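Below is one structure, written out as structure tokens, with a few remarks after it.
The values are calculated or read from the model by the stated rules, or taken from the named source; none is laboratory data. Given the structure is predicted, the values throughout are model-derived calculations rather than measurements. All Cβ positions, glycine included, derive from the backbone under ideal geometry; neighbour counts span all protein chains shown. Surface accessibility is based on the protein's heavy atoms, side chains included, excluding ligands, DNA and RNA. Shrake-Rupley method; radii C 1.70, N 1.55, O 1.52, S 1.80 Å.
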Amino acid sequence: MEIIICKTKEEASRKAADLVTALVKSNPKAVLGLATGSTPVEMYKCLIADNKAKKVSFKGVRSWNLDEYWGLPPTHDQSYRYFMDENLFDSIDIVKKNTHVLNGLAKDWKKEVASYEAAIKKAGGIDLQVLGIGSDGHIAFNEPGSSLASRTRIVSLTPQTIKDNARFFKKAADVPRQALSMGVGSIMEAKRIVLLAFGANKADAVKGMVEGGVSQFCTASALQMHQDAWVFCDAAAASKLKLKKYYAWRGDEALKAELAD
Ligand code: GLP
């Protein structure tokens, strides 16, 4: 796991976007795994800027998102489909039919998740998966107690996640209690992982992910078992890491080498 520690989330987002842009330039048909939440918004702004500046084109890219609230239609302003259209897809040259978000209104969620996983497999798997992290260390909606081998399925949100995400809704009671989510096992199949974490309220989660034991209590800790995982943090999110100076130095060197290739 490489950990890139920057002073600000803007700087970290720009560096993470550089990895995404480099991949799409080298493989214009790349398969991206995308995330929602406030964290990746700044990185998406960088991708939009790169696309507008014609540094990269997303015309051949296909994408699959991590999760979707169960019961929300794609037209709901808090659905993750709506979020992706607003924050990325409508502002870049990606072909909309090549973007995939789980259907929160599927009649049969088992069929929905099976066809979602099958489509990713048919596309050759995810080349680069973008992730945020919940304050309890979850990735996608893999809450504490999710098997580290879990697949895409329906999940129940913890009271903490409902509280964290209530800021996007009128009131906490409006936050759906369930979601469809890619599993930890599904996410681990991505060839490369780029996880973003910003702010002091993510410091415990980052500490657990990087320096805690591998445990279903902090599902992001599974990334310790991934061979190509990159974590981009601001100083506040990295503040509780014991070896943060070492990670920062090593991470900068690794990123430089990666982008020079
Ligand atoms: C939700 C999403 C996660 C996201 C997390 C953190 O739980 N399912 O993918 O990482 O929120 O959100 P934020 O980036 O707004 O802190």
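Couple of notes before you dig in:
- Number of the exception - LEU88 against (1) aliphatic (A, V, I, L, M); (2) closer than 21 Å to ALA229 by Cα; (3) within 15 Å of the ligand (Cβ to nearest atom): (2)
- Neighbours by Cβ (under 9 Å, 6+ apart or cross-chain): first from segment 118-131, touching a residue at least 24 places away in the same chain (Cβ under 8 Å) and at positive phi; second open to solvent by less than 50 Å² (accessible area, probe 1.4 Å) and more than 16 Å from the ligand (Cβ to nearest atom): GLY124/VAL31; GLY125/VAL31
- Residue check: ILE193 meets all listed conditions (1) of a type in the set (A, V, I, L, M); (2) under 25 Å from GLY251 (Cβ atoms); (3) part of a helix (DSSP H, G or I) but one, namely (3).
- Residue count for segment 226-261 satisfying the condition of being among the hydrophobic types (A, V, I, L, M, F, W, C) and without any contact (Cβ under 8 Å) to a residue 40 or more places away in the chain: 5.
- Scanning segment 91-102 for residues that are in a loop (DSSP other than H, G, I, E, B), more than 16 Å from the ligand (Cβ to nearest atom) and either open to solvent by less than 40 Å² (accessible area, probe 1.4 Å) or touching a strand residue (DSSP E or B) at 6+ places or on another chain (Cβ under 9 Å) (or both) gives ILE92, ILE94, VAL95.
- Counting only residues that are within 22 Å of MET43 (Cβ to Cβ), part of a helix (DSSP H, G or I) and aromatic (Phe, Trp, Tyr), segment 202-251 holds 1 of them.
- Selection within segment 164-175 - within 11 Å of the ligand (Cβ to nearest atom) and either among the hydroxyl-bearing types (Ser, Thr, Tyr) or more than 15 Å from ASP67 (Cα to Cα) (or both): ASP164, ARG167, PHE168
One line per residue, one yes/no per condition, for (1) closer than 28 Å to ASP18 by Cβ; (2) touching a residue at least 40 places away in the same chain (Cβ under 8 Å):
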{"site": "PRO144", "(1), (2)": "no, yes"}
{"site": "GLN160", "(1), (2)": "no, no"}
{"site": "ARG167", "(1), (2)": "no, no"}
{"site": "GLY213", "(1), (2)": "no, no"}
{"site": "CYS218", "(1), (2)": "yes, yes"}
{"site": "SER221", "(1), (2)": "yes, yes"}
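- Residue list for segment 40-53, restricted to those being open to solvent by less than 20 Å² (accessible area, probe 1.4 Å) and either on the phi > 0 side of the Ramachandran plot or within 10 Å of the ligand (Cβ to nearest atom) (or both): PRO40
- Residues of segment 54-75 that are in a loop (DSSP other than H, G, I, E, B) and either basic (Lys, Arg) or open to solvent by 60 Å² or more (accessible area, probe 1.4 Å) (or both): LYS54, LYS55, LYS59, TRP70, PRO74, THR75.
- Each residue in segment 50-85 was checked for being touching an Asp or Glu at 6+ places or on another chain (Cβ under 7 Å) and of a type in the set (Val, Ile, Thr), and 1 of them qualify.
- Restricting segment 111-153 to residues that are open to solvent by 40 Å² or more (accessible area, probe 1.4 Å) and not in a helix (DSSP H, G or I), the residue that is nearest to the ligand (Cβ to nearest atom): PRO144
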